[in-house]
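Below is one structure, written out as structure tokens, with a few remarks after it.
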Amino acid sequence: MAYLDIPAEQSSPSHFDAVVVGAGFAGLYALHKLRDQLGLRVRVFEAGHGVGGTWFWNQYPGARCDVESLHYSYSFLAELQQEWNWSEKYASQPEILAYLNHVADRFDLRSDISFETRVTSAVWNEHDRVWEIGCGDGSAVTARYLICGSGNLSVPKDPQFDGMENFDGEVYLTGRWPHDGVNFEGKKVAVVGTGSSGIQVITEIAKKADHLTVFQRTPNYATPLRNVPADPERTAAIKANYPQVRENARKTRGGVPDYNPLPSALTVTPEERRRVFDECWDAGGFQLYVGSFQDILIDKSANATISEYIRERISERIDNPALAEKLIPTDYPYGTKRPPFETGYYEIFNQPNVTLVDVRETPIVSVTSGGVLTTDSEHEADILVLATGFDAITGPVLDMGIIGRDGETLNDKWAHGPRTYLGLSVHGFPNLFLVTGPQSPSVLYNMPLAIEDHVDFIADAIEYCRRNGVETIEARLAAEDAWVAHTVELSDATLLPETDAWWMTGGTNGKPRVCMLYIGGAAAYREICAKVVADGYDGFDVSAQRSASFAGTSSRRE
Ligand code: FAD
Ligand code: NAP
């Protein structure tokens, strides 16, 4: 029996209290929370054949997280935190996938997940107050709530260069990597894209391929990750104090507690600034970005100091000055694109088997049967790897065919960029919740914690509706407009709109470039959400009352 007040005709095997899309960090936790703690009848649909989301799809060599694994992991259960051991500071993709499989097994999640099932339509039925959800395999279900745990980086871009169909070799997307691996030994390989994924995969392929040609459009400010085996003492210290560590993490901007940036790069002496940058460079990972100075993303002159520092450190590592010039970014400020991290990336360009092609100088004309043709030459390839990024943030939800009240499509509503309240809810789309949706901190916040916060918010909202006999919950238009304006105002006060990056929208046809994230930091965002709840879901319309037949029975597992 479903937990909510479902009319008899809807109490069928194909009706659920909640449908969750995706079985990554978000979908797995949402299923556990809603099913095992709220007692809801939940169905998860996942396009892939296994759990893991990002870590299921991105099985390319070199894939690993760049937030320390002791932080980049669930916090919701003390025993889970204690029982799992990470072997490296920044776990590799296989280990993160093993962790998520462990979570799925530990909480018996698989039985409520339909794998290889893509949600292709979701239509709000105003009469019955349910979502009618259709899947690629022709199946259909209804649900009171639709929860999108479909990810921000789960729809890879698949650029169709002219002549792709003529290529005699193999083509792989980093975001859809074959699970049985790819053999690069003795092969000529071409990689397009030098973002985080490209930098990781290029570094590994360079160790194996006979020849590697890297097609770079925009050089990146990649800085050292400095991965090391897990330090047992640090692990023990964090495990002994995990609740406090997590609480501290949630009070920071990015959900990791180890950063203490100084206020300004401009109010210290050049020597002191250099000392801070050197320390952060040596520490690795996000230290430079989050742990150096607070004004590097706000003040152009402050940013110039760090951008110049990174350029200098990169150039030290490349033997050929002309090549160094191509690899070093000069035309956008550091950090306005999401920083990638590297382990020996720049050194591979000193190897005789690696060639860099700057496609801004010599654009790709076409793919031929034997390789990639640019305006100045043909580069032979047996394997073409596309590390060309994602239809980020809005892509996965817009791919789902969501139609809200009065037949309005989400695609129409978001035609000029996403519009949400808190990144969680959309006016005109009742009982739809987004996990780490646009205009929330999402990818600027250690994602497992960002996900837990959102799922907890959603579960509390559903519980509030149940307790108060409320049938639908939905962002009010005024609240949504104010939230969008607030997020734009915050990002406009930074350097982010200067640069074309996957977290921005607009920037063409005279449209301003705006950030699709809430950049005020996790701590501020959490306070705003807590106040919304304390004020009785301020900004949400929770006025639609259920009929007197409201049951509210529960099948709680814990
Ligand atoms: P995902 O893991 O993307 O899962 C979404 C799932 O939804 C996918 O499995 C997808 O198949 C499924 N799906 C989507 N649409 C549909 C549909 N219509 N029907 C059915 N199923 C659907 N973040 C960090 O904080 N730190 C990191 O170090 C970090 N490293 C990353 C490395 C890579 C290579 C990438 C691509 C991203 C990284 N991220 C990182 C971001 C990462 O996406 C999140 O940390 C997190 O894994 C997102 O979890 P999720 O469940 O929200 O989404
Ligand atoms: P990305 O940062 O968007 O990089 C895509 C790359 O492909 C860019 O260099 C882009 O160039 C290039 N590109 C795209 N289309 C092209 C074309 N037609 N011709 C030539 N070049 C083209 O994507 P990503 O590398 O997959 O990373 C996305 C995000 O996922 C990251 O920022 C990060 O949040 C996450 N991630 C994290 C890790 C990690 O270490 N934990 C690893 C991988 C991914 P332009 O810059 O010119 O557009």
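The values are calculated or read from the model by the stated rules, or taken from the named source; none is laboratory data. The shown structure was predicted, so the numbers you read here are calculated from the model rather than taken from an experiment. With ideal geometry, Cβ positions are generated from the backbone for all residues, glycine too; neighbour counts draw on all protein chains shown.
So is Ala98 over 21 Å from Phe457 (Cβ atoms), in contact with a Lys or Arg (Cβ under 6 Å, 6 or more places away or on another chain) and away from ligand 2 (no atom under 16 Å from the Cβ) or not? It is false that Ala98 is over 21 Å from Phe457 (Cβ atoms), in contact with a Lys or Arg (Cβ under 6 Å, 6 or more places away or on another chain) and away from ligand 2 (no atom under 16 Å from the Cβ).
Scanning the stretch 380-430 for residues that are in a helix (DSSP H, G or I), buried (at least 23 other Cβ atoms within 10 Å of the Cβ) and in contact with a Lys or Arg (Cβ under 9 Å, 6 or more places away or on another chain) yields a count of 0. Apart from one condition, Asp180 fits all of (1) in contact with a Lys or Arg (Cβ under 9 Å, 6 or more places away or on another chain); (2) away from ligand 1 (no atom under 16 Å from the Cβ); the exception is (1). Can you tell me which residues in the stretch 5-33 are of a type in the set (Gly, Ala, Ser) and modelled with pLDDT of 75 or more? Residues satisfying the conditions are Ser14, Ala18, Gly22, Ala23, Gly24, Ala26, Gly27, Ala30. Restricting the stretch 174-194 to residues that are part of a loop (DSSP other than H, G, I, E, B) and crowded, with 20+ Cβ neighbours inside 10 Å leaves a set whose member that is farthest from ligand 2 (Cβ to nearest atom) is Phe184.
Is at least one residue of the stretch 231-245 surrounded by 20 or more Cβ atoms within 10 Å (Cβ to Cβ) and either within 13 Å of Tyr289 (Cα to Cα) or free of Cβ contacts under 8 Å to residues at least 12 places away in the same chain (or both)? So far as the stretch 231-245 goes, no, none of its residues is surrounded by 20 or more Cβ atoms within 10 Å (Cβ to Cβ) and either within 13 Å of Tyr289 (Cα to Cα) or free of Cβ contacts under 8 Å to residues at least 12 places away in the same chain (or both). Among the residues of the stretch 31-75, those identified as in a loop (DSSP other than H, G, I, E, B), among the hydrophobic types (A, V, I, L, M, F, W, C) and more than 14 Å from ligand 1 (Cβ to nearest atom) are Leu38, Leu40.
Condition check for Thr117 on (1) in contact (Cβ under 8 Å) with a residue 40 or more places away in the chain; (2) within 9 Å of ligand 1 (Cβ to nearest atom); (3) more than 30 Å from Gly407 (Cβ to Cβ); (4) not basic (Lys, Arg): one failure, at (3). Here is a check on your reading of the model: is Val171 modelled with pLDDT of 95 or more, assigned to a strand (DSSP E or B) and within 10 Å of ligand 2 (Cβ to nearest atom)? No. With respect to the conditions (1) crowded, with 16+ Cβ neighbours inside 10 Å; (2) among the β-branched types (Val, Ile, Thr); (3) within 16 Å of ligand 2 (Cβ to nearest atom); (4) more than 23 Å from Phe286 (Cβ to Cβ), Ile462 lacks only one, and its number is (3). Restricting attention to the stretch 76-85 and to residues that are among the aliphatic types (A, V, I, L, M) and in a helix (DSSP H, G or I), the residue that is nearest to ligand 2 (Cβ to nearest atom) turns out to be Leu80. Restricting Gly39, Gly62 to residues that are at positive phi, touching a residue at least 24 places away in the same chain (Cβ under 8 Å) and more than 16 Å from ligand 2 (Cβ to nearest atom) narrows the list to Gly39. Restricting the stretch 49-59 to residues that are of a type outside the set (Gly, Ala, Ser) and surrounded by 18 or more Cβ atoms within 10 Å (Cβ to Cβ) leaves a set whose member that is farthest from ligand 2 (Cβ to nearest atom) is Val51. Within the stretch 111-138, the only residue that satisfies the criterion of being small (Gly, Ala, Ser), touching a Ser or Thr at 6+ places or on another chain (Cβ under 7 Å) and either within 16 Å of ligand 2 (Cβ to nearest atom) or in a loop (DSSP other than H, G, I, E, B) (or both) is Gly136.
Screening Leu384 on (1) within 24 Å of Gly193 (Cα to Cα); (2) free of Cβ contacts under 8 Å to residues at least 12 places away in the same chain shows it passes everything except condition (2).
When the stretch 334-360 is filtered for residues that are of a type in the set (D, E, K, R), in a loop (DSSP other than H, G, I, E, B) and farther than 24 Å from Val171 by Cα, the ones remaining, listed by number, are Lys337, Arg338. Only residues that are of a type in the set (D, E, K, R), in contact with a helix residue (DSSP H, G or I) (Cβ under 7 Å, 6 or more places away or on another chain) and under 18 Å from Arg64 (Cβ atoms) were counted across the stretch 84-111, and they come to 0. In the stretch 425-441, is there at least one residue being over 16 Å from Val397 (Cβ atoms) and at pLDDT 95 or above? Checked the stretch 425-441: at least one residue is over 16 Å from Val397 (Cβ atoms) and at pLDDT 95 or above. Looking at the stretch 195-257, the helices (runs of 4 or more DSSP H) lying wholly inside it that each contain 2 or more residues that are within 16 Å of ligand 2 (Cβ to nearest atom) sit at 196-208.
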